[in-house]
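Colleague: I'd like to ask you about the structure that follows.
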Amino acid sequence: MKKNTLVLLLLFASCSFPQEINELIKPLNLSSGEEKIFLISDLFFADAEYKVKFKPDNSLKVFYEPETGEFKITSLKNSGYSVLPFIFYDSTYHILLKTEYKQSVNFSFKPDKPVEKLNLFGNFNGWNRENLPMHDTDDDGIYSTQVKLEPGRYEYKFFVEFTGSEKDFEITD
């Protein structure tokens, strides 16, 4: 009798119950129309395999890759909050999503002399002079670039490297 009890006890101890999420899942920030990649393991902890199935939603485009644990999400809404439901071991959970609208802004500059390099920089990119190059795509002398920005007020400058040597330009006091 003691052997049967021991065998039953070991059998029940080896069986695991379905996983359960006990912590809060932090909201995810999205930009309208832009794809973002998240790791499912960064959202919540699980002792077992992350078997997740996302429920369909017309305002979102979601793709989950179980092998890597990555899911790609694109908000099709302009702005606002939404909820992404998913199933994890037969239980339904929700992820809160905040979508911000970023407007595409066109910057253009027409230099009066030939330039070697022209970049846009400002408080929207940490005043980095290198990461927003401007190009003259149609050879009309006007350099332009597009930047997605949230509505607001921004300071910016153009960084210009002129073609030729420094002696070509007169400096007047």
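Colleague: Starting from the range 19-118, pick out the GluC sites (Glu not before Pro) whose DSSP state is loop and whose Cβ has at most 14 other Cβ atoms within 10 Å.
Modeller: Loop-located and lightly packed - E20, E23, E34, E49, E67.
Colleague: How large is ³J(HN,Hα) for each residue in the range 32-43, as worked out from phi by the Karplus curve 6.51 cos²θ - 1.76 cosθ + 1.60 (θ = phi - 60°), to whole Hz, x for Gly and Pro?
Modeller: These are the phi-based 3J(HN,Hα) values: 4, x, 9, 7, 10, 10, 10, 8, 4, 5, 7, 8 Hz.
Colleague: What full-extension length gain, to one decimal in nm, is calculated for E155 and T137 as 0.36 nm per residue of separation minus the Cα-Cα distance?
Modeller: Length gained, E155 through T137: 4.0 nm.
Colleague: Follow-up question, since we're still on this one. Quickly work out the K117-to-T163 label distance, labels modelled 7 Å from Cα along the C-beta direction, and quote it in nm with one decimal.
Modeller: Result: 1.6 nm between the two label points.
Colleague: Where does the Debye-calculated log10 I(q)/I(0) of the range 53-155 sit at q = 0.17, 0.22 Å⁻¹, using only Cα point scatterers of equal weight, no solvent?
Modeller: Debye intensities relative to I(0), on a log10 scale: -0.88, -1.12.
Colleague: Just for the range 19-100, what percent of DSSP beta bridges are antiparallel, to the closest 5?
Modeller: Counting DSSP beta bridges with both partners in the range 19-100, the antiparallel share is about 80 percent.
Colleague: Right, another one. Taking H as built 1.01 Å from N, whose amide H comes closer than 5 Å to the amide H of N128, not counting residues under 5 places away?
Modeller: Residues meeting the criterion, in which the H sits 1.01 Å from N, are G122.
FYI, it's all coordinate maths here, none of it is from the lab. Bear in mind that the values here come from a model prediction, so they are computed numbers and not experimental data. Please note: Cβ atoms are built from the backbone with ideal geometry, for glycine as well, and neighbour counts cover all protein chains shown.
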